[in-house]
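The structure appears below as structure tokens.
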Amino acid sequence: MAIACVRNLFAVVALGGIYSFLMALALLVLDAVDVSMTEASVGAGVSTVLLLGALYLTRIDEAPPLRVSAAPMVVALAAGAALLYGSWDLPPFGDPAGAIHHHVAPRYLNQVIAETGVPNVVTAVLASYRGYDTLGETTVIFTAGIGVLLLLKGRRRRRDGGGAAL
Amino acid sequence: MMHRETIPRVVTKLLFPFILLFALYVQFHGELGPGGGFQAGVITAAAIILYGIIFGLGAAHRIAPPRLIEVLVPLGVLIYGSVGVFGLLLGGNYLDYFVLDPDTVHGQERGIFWVEIGVLVTVSSTMIAIYYAFAGRGR
């Protein structure tokens, strides 16, 4: 809420970093250490640095909007309501009878040592059982990186070299 | 310009090798504990970016040259893809690790190892490249 209200963009970036750290803690509590690590380093670390770098290039205060429009708020509330409505059909959190625990999860959990010899089931699923998905994920990161580089570097080609940081 | 900030500089110098070591631990211990190529790549990139913030972009360019980073971005995807092609050449399906070694379990471990290396290379170099592109713009 504060993020939406504050006009100072520096404060917005700082609040975003705090939010990411809180999310990392929440994921840690949920035993998702991998995701928590990613959230802490990407969400709180790298993206905060990138946003600060972007701030360095612009002004620190948000420009006042030309006219206030209600349409984005309506869209956001409608999407939130639809998600809430959809969540009623989900099984309760941690329900052992949920469909997700009876499809392929038992096979992964029971066969993973015999088939891959990797004790960490998350790694085995990501890299072996779901190898195609992870290949696609890596390709997405590659494509995104190339796209950002082309956008940012398109203008200045021959001006490399050292200098001050951010 | 930066010489007044003694404490961040000293702390960064002290922490830098340990952050990289932690990244390597997350990478190669990912089979046993939490972590893997993506996490290790992000931690590596964070270490380089921290170094760049504290010591200036030029110093970061000296330890991770932009040319090298630009080569590494596609190299990681190629490593990942070539693991699959290697499986094809050995008579299996694409990304089939069982054929990588006579002992199928060992083959799986070998396949996962190389795939994770590919993810590490692409993720870390992409992050660093984006940081370089941002930080190098304001001048």
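Regarding B:Thr122, is this residue touching a Phe, Trp or Tyr at 6+ places or on another chain (Cβ under 6 Å), within 26 Å of A:Arg130 (Cβ to Cβ) and within 9 Å of chain A (Cβ to nearest Cβ)?
Values: touching a Phe, Trp or Tyr at 6+ places or on another chain (Cβ under 6 Å): yes; within 26 Å of A:Arg130 (Cβ to Cβ): yes; within 9 Å of chain A (Cβ to nearest Cβ): yes.
Yes, satisfied.
Listed here are the residues, each with its yes/no results for (1) surrounded by 10 or more Cβ atoms within 10 Å (Cβ to Cβ); (2) over 28 Å from B:Asp103 (Cα atoms); (3) of a type in the set (A, V, I, L, M, F, W, C).
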{"residue": "A:Gly80", "(1), (2), (3)": "yes, yes, no"}
{"residue": "A:Asp95", "(1), (2), (3)": "yes, yes, no"}
{"residue": "A:Val122", "(1), (2), (3)": "yes, no, yes"}
{"residue": "A:Ile141", "(1), (2), (3)": "yes, yes, yes"}
{"residue": "A:Ala144", "(1), (2), (3)": "yes, yes, yes"}
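Residues of segment A:125-149 being modelled with pLDDT under 80 and either in contact with a Pro (Cβ under 9 Å, 6 or more places away or on another chain) or facing another protein chain (nearest Cβ under 7 Å) (or both), which ones? Spell out the reasoning first.
Residues of segment A:125-149 that are modelled with pLDDT under 80, as a first pass: A:125-131.
Correct list: A:Leu126, A:Ala127, A:Ser128, A:Gly131.
Just to be sure, is B:Gln108 part of a helix (DSSP H, G or I), over 19 Å from the mean Cα position of the chain (by Cα) and buried (at least 17 other Cβ atoms within 10 Å of the Cβ)?
On the way: part of a helix (DSSP H, G or I): yes; over 19 Å from the mean Cα position of the chain (by Cα): yes; buried (at least 17 other Cβ atoms within 10 Å of the Cβ): yes.
So B:Gln108 fits the description; yes.
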Subject >> All positions within segment B:1-44 that are more than 18 Å from A:Pro119 (Cα to Cα), among the β-branched types (Val, Ile, Thr) and either in contact (Cβ under 8 Å) with a residue 40 or more places away in the chain or surrounded by 14 or more Cβ atoms within 10 Å (Cβ to Cβ) (or both) >> reply: B:Thr12, B:Ile19, B:Val42, B:Ile43, B:Thr44
Original post:
What do you reckon, is B:Ile63 closer than 27 Å to B:Leu14 by Cβ and either crowded, with 19+ Cβ neighbours inside 10 Å or among the aromatic types (Phe, Trp, Tyr) (or both)?
Top reply: no
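Could we say that A:Phe93 is aromatic (Phe, Trp, Tyr) and part of a loop (DSSP other than H, G, I, E, B) here? Before the answer, list the steps.
On the way: aromatic (Phe, Trp, Tyr): yes; part of a loop (DSSP other than H, G, I, E, B): yes.
Considered against the rule, which asks whether it is aromatic (Phe, Trp, Tyr) and part of a loop (DSSP other than H, G, I, E, B), A:Phe93 comes out as yes.
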**OP:** From A:Val75, A:Val112, A:Val122, A:Val49, grab the single residue that is part of a helix (DSSP H, G or I) and assigned by TED's automatic domain parsing to the domain that holds A:Ala24.
**Re:** A:Val49
Original post:
So B:Val85 fits all but one of (1) under 19 Å from A:Ala44 (Cβ atoms); (2) more than 7 Å from chain A (Cβ to nearest Cβ); (3) free of Cβ contacts under 8 Å to residues at least 24 places away in the same chain; what number is the exception?
Top reply: (1)
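The values are calculated or read from the model by the stated rules, or taken from the named source; none is laboratory data. All values derive from a computational prediction rather than experimental measurement. Neighbour counts are summed over all protein chains in view; Cβ atoms, including those assigned to glycine, are modelled from backbone coordinates with ideal geometry.
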